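Asks: Here it is, the structure, as structure tokens.
The values are calculated or read from the model by the stated rules, or taken from the named source; none is laboratory data. Owing to the predicted nature of the structure, the values given are computational and were not obtained by experimental measurement. Every residue, glycine among them, receives a Cβ derived from its backbone with ideal geometry; neighbour counts consider all protein chains shown. Just the protein is used for accessible areas: all its heavy atoms, side chains included, with ligands, DNA and RNA removed. Shrake-Rupley method; radii C 1.70, N 1.55, O 1.52, S 1.80 Å.
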Amino acid sequence: MGTKEETLDLLGHEDNSPSDTEGQVRASESGIPFSDMDEARLFYDLLDSLVIIIDKNNQILMANSKALRYLEHEGRSIIHTDLTDLCPSEEEKEKASSFFSSVLSGKEEIDGKYEMPVLINEDIQYTFLMNTSVLKDSESPKKALMLSCMDIQERKVQENDLLIEFEMIYSHLDSIPYAFVLSDYRGIITFWNQHATRLFGFTRDEVIGQPISIIMPNRYRKAHEGWDELISIGKSPVVGNIIEVTGLRKDGTEFPIELAITTTRIKGNRFHGAIINDISKRKMKERLMSISKNKYRMMFEKSPLGIFHFDENGVITQCNENLVKILDVPVGDVISKVIGFNIIESFDDEHSIKKAIKQVLAGIPSRYEDDFHSPFSEKVVPIKAEFSPVISDEGRFMGGVCVVEDFTERKAAEEELNQYAQDLAKANEELKSLDRMKDEFISNLRHELKTPLIPIKGYSELMYDGALGELNQKQKDAVEKMMLSSERLKRLIDSLIYVSITEGGNVEYSFVPLRIAEVIDSAVHDRSPELASKAHEVEVSISKDIPLINGDLDYLEEVFINLIDNSIKFMHQGGNIKISAVLQDDQKIHIKIIDNGIGIAEENLPDIFNRFYQVDGSSTRKYGGNGLGLYICKKIIEAHNGDIWAESKKGSGTTIHILLPAK
């Protein structure tokens, strides 16, 4: 915003200077005698302006009658007083003295006009517009200054009031929430408010005096040329209208703006005002709404479900292609039959569809799921329909929308599934029957297989002990082999049967309090013949503070027999087995079976507890076994809520770890 003087100039202010009077009072610089000044006063008294003559010291030499009426107050004479003493301040006094001195000295840059405030008293103040002329005394080198004055105090008051009014207007325009730019007829910016600075990035000092095209992209600047001609004849397409264009920020970025232009004439000068609003967010919202509208339109058209909209009277207004297919309506009949179809009037009051529509028209969602007889064809189709009311952002009810799913295929699939479930239930009963038969078969098989083994083993032991007569050593060795083979056959039968019943989940354990030391001792005693035959030694070290455990005696004993048997098989003659058990802080019993056998390669360790896995699986393998021992051990230990694992290196023996919870 410019200064007050610039504002007045901008309004085309016309100066009411006393130019006519100036011609009447201007004296010739050829000189007049100062002694004739009193006679000249008679002439000056006839003039309408104030005439004052002062010397080089600003002393008043003469004043006409009008000047005296203005300046003399309460009988005070002003002749031979300093004119500048009438100035209201020392600053004004110094300015007036400097001006008068400059005029008397003949400086060319002084135009001879001066506005001087005059203070008579607290209640009387004037502002004189002075035209000056230099007077020379024809009888001496003295000079004087003649002042032709006009009182412009009233005009100054009006100008100040006008400036205050304009400052209020400019202050208001500076605080409005829109960018406001004022330019003259040439398109030169004359006003720029704070919001314009925030919007475009230019400060006021950077744009005042610059062409309005500074805030336009280059491609629009050519079009701006000639706007003044269009506006001047009142045929501009932009004046009086709101238009959308592109603005240019100081940093070179472009953005959409909304522009309203007005034009006016003040004192003959034409000015254009522009109210500018950034519509970037609105444009983005419109773009997103357009994208969203297209997206929902595409979803509406391409949806695999049937969709239709109905108004507040229950009349269908829109539908998609899939609904037409579900209702079996020819494409050519959609407009005539479907669009405009009144659902309320077309169904009985007891029909579920009509009830659902009425519920939605009351603002409550509803649903329908049943066989539906199409009113447009003979087709009966099972459908699932979801009805929802449609409310605008303004809260206005706009009918409802329905999403329809044809579940003919699903219904057929459900029927097939139900039939399959029935067949499966029947098969399951048959399997349960077979499972019971299998359990009975396994139980009988176990009994039938073990029955002949019992007398074989019993008579072999009697013969070995000499109860049936003394045997020579060769006979005794043969009987011993019979005993070992019968024991091996018994264990093989037990292993196969255990695996079978484990897979069926039918293993029955009898958990009772046990001492782990007694279980281990029993297993060692069971394997004592094999240990003795290979001269193996067993060291058992079990802490005395080991508590009882809950376990199945037979199955736990089977675990330790299997583990000891593995050590026997995979140790050279005269091997050593160490068995220990300690109580850990977590109240678990940690048992170790350590041997100094051939060991297991690290890559084979993860698989040794798998069913039927054998490290040496070749047909020419040196060591016997069926690959079930460690698998059975793992299953039994896990059934006791324990854990089992192995540590070994090839050629360095094997350590089996078992953790069992204490009672």
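Asks: Using beta carbons and a limit of 8 Å, which pairs, at least six apart or on different chains, have the first residue in segment 321-339 and closer than 15 Å to K302 by Cβ and the second one open to solvent by 90 Å² or more (accessible area, probe 1.4 Å) and of a type in the set (A, V, I, L, M)?
Replies: V324/V331
Asks: Looking at E530 and the list (1) touching a helix residue (DSSP H, G or I) at 6+ places or on another chain (Cβ under 7 Å); (2) modelled with pLDDT of 90 or more, which single condition is not satisfied?
Replies: It fails just one condition, (2).
Asks: Right, another one. Go through segment 454-508 residue by residue and tally those that are in a loop (DSSP other than H, G, I, E, B) and either at pLDDT 75 or above or not polar (S, T, N, Q) (or both). Working first, answer last.
Replies: First, pick out the residues of segment 454-508 that are in a loop (DSSP other than H, G, I, E, B): 466-472, 504-508.
Within this subset, residues satisfying the condition of being either at pLDDT 75 or above or not polar (S, T, N, Q) (or both) are 466-472, 504-505, 507-508.
Final tally of qualifying residues: 11.
Asks: Also, I was wondering about something else. Please go through (1) open to solvent by 100 Å² or more (accessible area, probe 1.4 Å); (2) part of a helix (DSSP H, G or I) for P304 and return the number of the only condition it doesn't satisfy.
Replies: (2)
Asks: So which of I261, I279, I242 ends up being in contact with an Asp or Glu (Cβ under 9 Å, 6 or more places away or on another chain), in the same structural domain as Y185 (by the TED database), open to solvent by less than 40 Å² (accessible area, probe 1.4 Å) and farther than 24 Å from D370 by Cα?
Replies: Working: I261 fails: in contact with an Asp or Glu (Cβ under 9 Å, 6 or more places away or on another chain); I242 fails: open to solvent by less than 40 Å² (accessible area, probe 1.4 Å).
The unique qualifying residue is I279.
Asks: Name the residue, out of I266, I291, that is over 29 Å from the mean Cα position of the chain (by Cα) and modelled with pLDDT under 80. Let's see the steps before the verdict.
Replies: Values: I291 fails: over 29 Å from the mean Cα position of the chain (by Cα).
Testing whether each residue is over 29 Å from the mean Cα position of the chain (by Cα) and modelled with pLDDT under 80 leaves just I266.
Asks: Something else about it: Here are some conditions: (1) modelled with pLDDT under 90; (2) closer than 23 Å to I124 by Cα. T21 meets all but one. Which one does it not meet?
Replies: Single failed check for T21: (2).
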